1. Can you find, within segment 1-48, the residue that is modelled with the lowest pLDDT among those that are small (Gly, Ala, Ser) and surrounded by 13 or more Cβ atoms within 10 Å (Cβ to Cβ)?
2. Is it the case, given these coordinates, that residue 51 is under 17 Å from the mean Cα position of the chain (by Cα), at pLDDT below 85 and of a type in the set (S, T, N, Q)?
3. Only one of these is touching a His at 6+ places or on another chain (Cβ under 9 Å) and of a type in the set (D, E, K, R): 79, 30. Name it.
4. Quick check on segment 138-149. Is at least one of its residues aliphatic (A, V, I, L, M), in contact (Cβ under 8 Å) with a residue 60 or more places away in the chain and either within 24 Å of residue 69 (Cα to Cα) or outside any strand (DSSP E or B) (or both)?
5. Suppose we filter segment 92-111 for residues that are touching a Lys or Arg at 6+ places or on another chain (Cβ under 7 Å) and assigned to a strand (DSSP E or B); how many remain?
6. In segment 112-150, how many are farther than 20 Å from residue 63 by Cα, touching a Lys or Arg at 6+ places or on another chain (Cβ under 8 Å) and either surrounded by 13 or more Cβ atoms within 10 Å (Cβ to Cβ) or not polar (S, T, N, Q) (or both)?
7. Are any residues in segment 53-67 free of Cβ contacts under 8 Å to residues at least 40 places away in the same chain and surrounded by fewer than 20 Cβ atoms within 10 Å (Cβ to Cβ), and if so, which ones?
Amino acid sequence: MQFNYEHWRRHGIVGHLFHLRIADMQNDIELTRKILIAIREKDNLRPAPIQVPGYEPVLVMRHVIRLHDDGMIEGTVSEALGMEAPLVFVSDMTTAGHNFLAAIEQQDIWNRLNSTLNPAELAAFSLREIAGLAKELALAAAKKKLGLSE
């Protein structure tokens, strides 16, 4: 099957776009984190595709679709015949997306999650479950700082 990416190119995603096998589609929480940071750093709310340097655009878009489906981002999904993955024009994060990013953005919490759980273990959790774990770690750290831990 031949995939057509002309629709993507018309919207500024250039270069060779690789076909991804299902085996290549593991949930990459680090990429998800980078996508949310890129959305937060947008300087306007105009809907636009998100690109992350160093990552294959199709892989990024598959993760953006997951974020959209999970209600973490606002945007419009555009599909064209023959496309491997729809193109999502992202305008902003939802409150859930902002909360998720806040939970995983604290470097000490993020490092603790990544050093304790390997990528396959992290991939087994939903985004909301990872946010919950991060919030629990942050709460425990705050309690300790405040002298409230046992």
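The values are calculated or read from the model by the stated rules, or taken from the named source; none is laboratory data. Since we're looking at a predicted model, the values are computed, not measured. Methodologically, a virtual Cβ is constructed for each residue, glycine included, from the backbone with ideal geometry; neighbour enumeration extends over all protein chains shown.
1. 48
2. Numbers: under 17 Å from the mean Cα position of the chain (by Cα): yes; at pLDDT below 85: no; of a type in the set (S, T, N, Q): yes.
Considered against the rule, which asks whether it is under 17 Å from the mean Cα position of the chain (by Cα), at pLDDT below 85 and of a type in the set (S, T, N, Q), residue 51 comes out as no.
3. On the way: 30 fails: touching a His at 6+ places or on another chain (Cβ under 9 Å).
None of the others qualify; the one that does is 79.
4. There is no residue in segment 138-149 that is aliphatic (A, V, I, L, M), in contact (Cβ under 8 Å) with a residue 60 or more places away in the chain and either within 24 Å of residue 69 (Cα to Cα) or outside any strand (DSSP E or B) (or both).
5. Qualifying residue count, segment 92-111: 1.
6. Qualifying residue count, segment 112-150: 1.
7. 53, 54, 55, 56, 59, 65
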